[in-house]
Each structure stands twice: as C-alpha cells, then as structure tokens.
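The values are calculated or read from the model by the stated rules, or taken from the named source; none is laboratory data. None of these values were measured; they are calculated from a predicted model. Cβ: placed from backbone, ideal geometry, glycine included. Neighbour counts: every protein chain shown.
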Amino acid sequence: MAFFELIPEDQIVAEAREYIDIARKRARSERAEGSFYALAKNPRLVKAWVQAAQDLIPIPNRFGAAQGIVGMLISHAKGCRRCFDTSRNLLVKLGFDDVALEGMCQAPAALPLPDRERRFVEFTLKVARDPQGLKPNDFREMEQAGFSKDEILEMIGVAAYWNLATTLASAVGAGLQEE
C-alpha cells in the first residue's frame with residue numbers, strides 16, 4: 001500500500017480544486033499530475049506549487065523553448081521522472097524530436113540552440129545544480145553576454161522553481177508507490 005493516497009475529485013476542497021484546475025490548464029491536460037491529488041488534503045501546498053509556476057515560469061516567457069529545455073534538463077539532473085516526462089512532452093509539442101531531446105540530456109553543452117538561449121540554459125542549470133558554487137564572475141559573464149540583471153534574476157527563479165517542483169514531485173511520488 002502507498003504511503004500517500006490520491007484524493008478523489010469529488011473529495012477535493014474548493015481551494016485545492018481551484019489550483020489543480022490552474023495546473024491542468026497550464027499543462028493543457030484533462031488531469032493534473034498525480035502529486036497534486038496527493039497534496040489535495042493540504043491546499044496550501046497545492047497553491048504554493050501552482051503559484052510558483054505562475055510567478056516563476058510565466059506563459060508566454062521571454063526565453064522561449066529554452067525555458068522548457070532547462071526544466072527538462074534540471075529534472076533529468078535531479079532524477080525526477082515525472083517532471084522530466086512533463087517537460088519533455090511539452091517540448092515534443094513544440095516540435096522537438098526524441099533524438100534531439102535525448103542528445104540534450106546526454107550533452108547539455110552541445111545544445112542545438114542559438115547562443116543566447118544556450119547560455120540561458122547553461123547558467124540556469126548551474127544555478128539549479130550548485131548555487132553555492134556561483135561566483136561574481138558568473139554574473140558578470142552573463143551581463144557581458146547581453147543579459148540584464150532582471151533576466152539573470154529570472155533565471156535564478158526558473159532554477160528555484162524546478163528545484164521546488166522536482167523535490168515535491170519526487171518525494172510525493174515516492175510516497176505514492178506501492179510497496
């Protein structure tokens with residue numbers, strides 16, 4: 001038996017339902033990720049996750065497909081299969097094929113992206129993987145590459161969102177597994 005249970009639709013309180021509906025719309029899906037249904041007894045967590053997505057991963061966004069790619073790569077690096085699959089499916093809808101996506105996961109430094117988008121992905125991955133390892137020069141290099149301070153802060157927000165999402169999805173997903 002799983003540690004967490006998925007709350008049936010008819011038992012979800014209004015506040016949680018409201019935010020799960022937002023998650024569905026963002027994902028363009030009839031059903032939200034299962035983790036939302038496990039969190040449904042705690043509307044505060046559902047709300048926090050959805051609001052973080054809305055605030056840190058706006059639709060549309062200024063970084064285009066690169067933002068989806070970074071989500072897939074952070075999910076891959078963090079080992080969150082649910083987040084990885086969600087990101088990857090969205091990129092397939094944008095026209096990326098499986099071969100290109102697999103290549104991105106194997107060699108992120110060789111991303112088939114314009115330089116600006118590639119730099120966005122590389123920096124955001126670095127922030128997500130090792131924020132304590134950032135040096136002042138990392139920020140100066142991004143500024144010299146043409147990114148504004150606001151854009152750099154947004155990259156940090158994207159990394160923070162994916163760290164939140166992968167932690168929630170992975171941990172709740174582990175609690176949903178059958179023994």
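Taking region 54-107 as the range and being under 27 Å from L176 (Cβ atoms) and of a type in the set (G, A, S) as the test, the residues that pass are G68, G71, S75, A77, G79, S87. The set of residues in region 1-37 being touching a Gly at 6+ places or on another chain (Cβ under 7 Å) and in a helix (DSSP H, G or I) consists of S35 alone. Quick check, is F84 at negative phi and in contact with a His (Cβ under 6 Å, 6 or more places away or on another chain)? So F84 fits the description; yes. A count restricted to region 91-110 and to residues that are in contact with a Lys or Arg (Cβ under 8 Å, 6 or more places away or on another chain) and either outside the structural domain of F123 (by TED's automatic domain parsing) or aromatic (F, W, Y) (or both) stands at 0. Among the residues making up region 92-115, those that are under 22 Å from I156 (Cβ atoms) and surrounded by 14 or more Cβ atoms within 10 Å (Cβ to Cβ) are M104, P108, L111, L113. In region 20-34, the residues that are small (G, A, S) reach residues that are in a loop (DSSP other than H, G, I, E, B) with C-beta atoms within less than 7 angstrom, at least six apart or across chains, in these pairs: A23/A32; G34/L6. Of the residues making up region 1-19, those that are free of Cβ contacts under 8 Å to residues at least 40 places away in the same chain, hydrophobic (A, V, I, L, M, F, W, C) and out of contact with any Lys or Arg (no Cβ under 9 Å at 6 or more places or on another chain) number 1.
A search for C-beta distances below 8 Å between a residue of region 89-106 that is over 17 Å from L125 (Cβ atoms) and any residue that is in a helix (DSSP H, G or I) and of a type in the set (D, E, K, R), counting only pairs 6+ apart in sequence or on different chains, returns V92/D98. With a requirement of 2 or more residues that are modelled with pLDDT under 90 and closer than 23 Å to R24 by Cβ, the helices (runs of 4 or more DSSP H) lying completely within region 38-122 that satisfy it span 65-78, 81-93.
In this entry, Q11 is excluded by the filter for residues that are of a type outside the set (D, E) and closer than 27 Å to F123 by Cα. Taking R140, is it within 22 Å of G68 (Cβ to Cβ) and either assigned to a helix (DSSP H, G or I) or aromatic (F, W, Y) (or both)? Judged against the criteria, R140 is not a match.
Kindly evaluate E33 against the criterion of being within 17 Å of V172 (Cα to Cα) and surrounded by 15 or more Cβ atoms within 10 Å (Cβ to Cβ). Judged against the criteria, E33 is a match.
Taken as a whole, the structure places I12 among residues that are farther than 24 Å from A159 by Cα and surrounded by 17 or more Cβ atoms within 10 Å (Cβ to Cβ).
A search for C-beta distances below 8 Å between a residue of region 137-153 that is among the acidic types (D, E) and any residue that is not in a helix (DSSP H, G or I), counting only pairs 6+ apart in sequence or on different chains, returns E151/R62. Assigned by TED's automatic domain parsing to the domain that holds R82, more than 18 Å from A65 (Cα to Cα), touching a residue at least 40 places away in the same chain (Cβ under 8 Å) and of a type in the set (S, T, N, Q): which single residue out of T166, T124 fits that description? Of the residues listed, the single one that is assigned by TED's automatic domain parsing to the domain that holds R82, more than 18 Å from A65 (Cα to Cα), touching a residue at least 40 places away in the same chain (Cβ under 8 Å) and of a type in the set (S, T, N, Q) is T166.
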